[in-house]
1. Mind sorting 142, 361, 343 by how few other Cβ atoms lie within 10 Å of their own Cβ, fewest first?
2. Enumerate the amide H contacts of residue 356 below 5 Å, restricted to partners 5 or more residues apart or on another chain; note that Pro and chain-start residues carry no placed amide H.
3. Sticking with the crude label model, points 7 Å out along Cα→Cβ, report the distance from residue 191 to residue 60 in nm, one decimal please.
4. For helix 94-110, what angle does its Cα long axis make with the longest principal axis of the chain, in degrees from 0 to 90 and rounded to 10?
5. How large is the charge dipole for the chain, taken about the Cα centre, if only the Cβ atoms of Lys, Arg (+1) and Asp, Glu (-1) carry charge, to the nearest 20 debye?
6. Using 0.36 nm times the number of residues separating residue 280 and residue 408, minus their current alpha carbon distance, what extension gain do you get?
7. Quick check: the distance between the Cα centres of the stretch 276-317 and the stretch 71-120, to the nearest angstrom?
8. Rank by packing, highest mean first: peptides 250-259, 215-224, 389-398, 1-10, with packing defined as the count of other Cβ atoms within 10 Å averaged across residues.
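Just so it is clear, none of the values below were taken in a lab; they were calculated from the coordinates. These figures come from a predicted structure and were not determined experimentally. Note: ideal-geometry Cβ built from the backbone for every residue, glycine included; neighbour counts use all protein chains shown.
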Amino acid sequence: MKRVLMIAYHFPPLAGSSGIQRTLRFAKYLPEFGWTPLVLTAHPIAYEQTSPDQLGEIPTGTVVMRAPALNTARHLSFKGRYPQCLALPDRWAGWWAGAVPPGLWMIHKYRPDLIWSTYPIATAHKIGGTLHRLTGVPWVADFRDPMVEANYPRDPVVRESYRRIETYAVNHAALSVCTSPGNIRLYSERYPHRADRLNLIENGYDEECFEGLDPGGAPLNPGKLTLLHSGIAYPSERNPTHFFAALRRLREAHALSPERLVVRFRAPAHEAPLLAIAEQHGVRDFIEIAPPVPYRDALAEMMRADLLLIMQAGNCNDQIPAKFYEYLRAGRPILGLTDPKGDTARALAAAGVELTAPLDDTDAIAALLRRVADGAATSPPTAALIPAASRRHRTAQLAGHFDALCARPPA
């Protein structure tokens with residue numbers, strides 16, 4: 001069996017992030033394809049929320065090294081303030097110093113054939129790049145989102161720090177992996193000399209996590225339609241302002257009421273701004289805020305919702321929310337509020353989802369919700385597309401790239 005050292009911040013017992021699933025499922029399925037994973041992650045003290053519910057899903061015998069790491073904002077601040085240099089490229093910058101020595105030890109002890117690191121924690125790529133530079137072990141850089149865009153990160157100092165890490169990763173990694181076609185296009189234009197080293201491996205769902213869940217369970221709110229948004233509602237990227245404005249318009253037209261429709265946000269993280277917008281538009285009584293639950297419970301809830309809500313703004317056109325693939329497998333109708341020019345809209349269309357509108361268009365959203373209120377037929381996603389979105393299938397793709405890199409003559 002060949003070995004791969006996997007560097008990932010998001011790993012159990014971290015709670016509240018779907019980002020855990022990409023690394024966890026790759027680690028779970030890679031042995032089926034001839035690869036042994038070695039995981040280098042952060043000590044749980046760095047996590048804001050932890051839960052033991054997915055620790056049991058780490059494959060038995062997997063080597064997991066939890067390197068020292070602090071969250072600058074939580075552990076190194078005074079009265080909520082801290083020097084910016086302690087948080088470049090991100091709040092987990094100290095993880096780099098904590099992870100490089102144990103990473104070198106793991107490479108010396110286990111002799112991995114490849115190093116793999118995954119963003120959206122930029123420090124993970126900084127660790128991967130350092131270990132590659134010091135040891136010469138080929139490196140695969142996994143970009144779950146574009147690191148740098150026109151106005152992201154907003155702080156120009158942070159953006160420049162990200163740009164340096166992104167440029168180094170794309171130029172020095174033997175392979176860069178992206179999760180959406182838009183990210184492939186973006187990086188191909190930005191780094192045309194490395195376009196042949198870019199590959200697409202989308203996110204997915206884990207079939208085993210759905211085993212035993214009842215697809216015909218009782219409704220979440222008997223007698224009402226429940227529209228479920230499961231996961232983080234980012235204030236900018238998933239801003240519900242126009243959605244809530246549309247709800248208010250239908251309420252004033254007596255087309256919808258809280259007695260007919262409930263919008264449940266499960267573990268939205270940014271609860272205060274969400275409720276403030278709801279209050280501003282007079283629709284607070286339509287909204288349910290629900291706390292985080294164990295992963296399988298969240299999947300079971302998806303399978304009982306009347307409609308599953310996706311929100312994705314135009315500033316994320318090169319991304320597809322990871323929850324989209326879980327929604328596919330849940331088999332419930334999806335309501336997509338997203339820019340029609342983006343990758344999320346294309347993915348929804350490919351899955352046969354017809355209930356879509358731009359996230360920033362109150363009129364279109366109101367028309368869509370009126371169709372739902374009037375009892376318009378809603379269909380689940382196209383079943384034929386679902387198997388190819390499984391994490392096992394995605395892992396087979398990744399292992400294929402790993403095998404190809406090992407067969408390539410040394411640089």
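1. In increasing order of surrounding Cβ atoms, one gets 361, 343, 142.
2. Long-range HN contacts for residue 356: 336.
3. Result for the modelled spin labels: 4.0 nm.
4. Computed tilt is about 60 degrees.
5. 1020
6. Here the segment from residue 280 to residue 408 would lengthen by 40.2 nm.
7. 32
8. Ranking the peptides 250-259, 215-224, 389-398, 1-10 by packing returns 1-10, 389-398, 250-259, 215-224.
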